[in-house]
Amino acid sequence: MSAGFFILASLAWTGALALAAQILARGRGPYFAQAVWRGAAFLMALPWLAAGVNRLWPRSVQELPMVSDLSAASADMIGAVPGFDAAGEGMLSLPATSQIVVWVLILGWGFRAACAVAAQARLQRMKAASTPADSSYLDLSTAKWADRLGLSKTPSVRRLHGVTSPFIAGFAARRIYLPDSIDEASGALIAAHECVHLKRGDLITRPLERAVADLLFFSPFAWHARRQLDHYREAVCDAETVKLTGDRVAYARVLTQAARMARQAPQPLPVSALLPRGRRSLPRRVESILKPDHAGRGATAGLALAAFLVATPIALAQGVQAVEKKRDIKAVGVVIDHPHAKITSGFGMRQDPFTGNPAWHRGIDIGAPEGTPVSSPIAGTVVFSGKKGAYGEMIDVKCKDGDIFRFAQLKKRFVKEGEEIEAGAEIGKVGQSGRASGPHLHFEYIKHGEPYDPSKSGICLTPACAS
């Protein structure tokens, strides 16, 4: 599976999961809806996780790189200047589609990382500017909530200066941050909400949930899942807080008051804030608080579980296909078995031998005396045998898995289109029948219509590799 097709498959996959989660979670309680959206987010990221694991899994020594291997593709193209040698000899054009896709992914992930760093820097400045609450009432209330929830340590309370949403943060020392505009009575209820976050482990799960949208930044469905997870995380804590405090109406009033005060807050924080972005989130939460909680029905829960079990192998298969396991290639002999054969021009950017301009070289040139035999090191079907523009006399051999090996600039061809050949068969002789500055073999390795470095194919090109 090529990189571009993998992106399209990811868009379709995330869209299908978002639609399924939206249908399953509609009208259900926050606990069930959160579980559904968490499952959907996990399945959205699963193909990418599977692709990464499959890429790192041990492989045999003689293997071929696949086009959809993102890390290998990015390594090959990072140093490349936009340009493309259509004939393998110097004609400028666009780079391969997969290279563009990989660059977009790299830039997108870099941008998301920069946004995360900027948000963390803003958060640290806010925390550094905060002051101790100096309120025995808040301290006692927070200690009471922590004790009821069974927390090992009671988080301290600090005051924030300016307009923002209350939040809890910190790893070594947990702290609840309340804006100055929140009075003590309201702050005590908000502290209960933040203690619930701490009990439920949201300070750990939230970054993981939001990382899905960063990984799949190109998918609007992943961002929709992120917003739903933010909403239901707070909605579940609302339900737990109501159980903890026992005052449904007072808590709904405090939530509305805090939202009114934080309406003009700047950019969202990289923590589990009381008030996530979204105009519809607050009305939905208040409605859920003021009416009795409703658990998901057994039939709906069973349907969601069945959907998860069915979708998981599909996601794994998608990821495995994205970075397919490299298979052993049964190569026989050397492409050009001549003592003076040597590689004269490598794969990638080079200086055009005729114009002197930068040009993308799709293959490898192997210099050898004219008339030197050329052998096919792999078995396959001849899908082209003839003369083709600047390639000159050319032969394309297709393997059973779809890989194509191209032999160009030949002087003679010994095979016909449609012919089945064995590994090691002599198929032609070295020449300079196309756009060439001397006798050589132009050799290409093609997967899904895109060129890759033949030196990484596991095929022995000259006697030097066999020594």
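How large is the convex hull of the C-alpha atoms of region 109-252 per residue, in Å³?
Given the Cα convex hull of region 109-252, per-residue volume reads 117 Å³.
Under a 5 Å amide H to amide H cut-off, with H placed in plane at 1.01 Å, what residues pair with residue 424 once short-range neighbours are removed?
So residue 424 has HN proximity to 332, 376, 378.
How large is ³J(HN,Hα) for each residue in region 217-228, as worked out from phi by the Karplus curve 6.51 cos²θ - 1.76 cosθ + 1.60 (θ = phi - 60°), to whole Hz, x for Gly and Pro?
4, 7, 9, x, 6, 5, 5, 5, 4, 4, 5, 5
Two-decimal Rg/Rh of region 92-168 from alpha-carbon positions, Kirkwood Rh?
The Rg/Rh ratio comes out at 1.34.
Taking 26 Å as the cut-off for C-alpha to C-alpha distance, list the pairs among 416/456; 342/400; 388/416; 153/291 that go past it. Before the final figure, lay out the partial values.
Numbers: 416/456 28 Å; 342/400 29 Å; 388/416 15 Å; 153/291 33 Å.
Beyond 26 Å between Cα atoms: 416/456; 342/400; 153/291.
Determine the order of 135, 433 by accessible area, beginning with the largest, at a probe radius of 1.4 Å.
Descending accessible area places them as 433, 135.
For residue 372, enumerate residues with amide H under 5 Å from its amide H, sequence gap 5+ or separate chain, H modeled in the peptide plane.
430
If you wrap region 338-467's Cα atoms in a convex hull and average its projection over all directions, what's the area in nm²?
Details: hull surface 29.5 nm².
In nm², the orientation-averaged hull projection of region 338-467 is 7.4.
Using only Cα atoms, locate the centre of region 222-263 and the centre of region 98-173, then give the distance between them in Å, rounded to an integer.
So the separation of the two Cα centres works out to 17 Å.
Over region 415-467, one equal point on each Cα, no solvent: what is log10 I(q)/I(0) by the Debye formula at q = 0.13, 0.25 Å⁻¹?
Taking Cα atoms of region 415-467 as identical point scatterers yields -0.46, -1.32.
Just to be sure I understand: if I project the alpha-carbon convex hull of region 166-221 onto a plane and average over all orientations, what area do I get in nm²?
Working: hull surface 21.3 nm².
For region 166-221, averaging the hull's shadow over all directions gives 5.3 nm².
Which FRET efficiency value, to the nearest 0.05, do you get for residue 290 and residue 121 by plugging their Cβ-Cβ distance into 1/(1 + (r/R0)^6) with R0 = 45 Å?
E(calc), rounded to 0.05, equals 0.70.
The values are calculated or read from the model by the stated rules, or taken from the named source; none is laboratory data. Just so you know, these numbers come straight off a predicted model, no measurement behind them. FYI the Cβ positions are ideal-geometry reconstructions off the backbone, even for glycines, and counts take in every protein chain you see. Quick note on the areas: whole protein, heavy atoms, side chains included, nothing else; ligands and nucleic acids left out. Shrake-Rupley method; radii C 1.70, N 1.55, O 1.52, S 1.80 Å.
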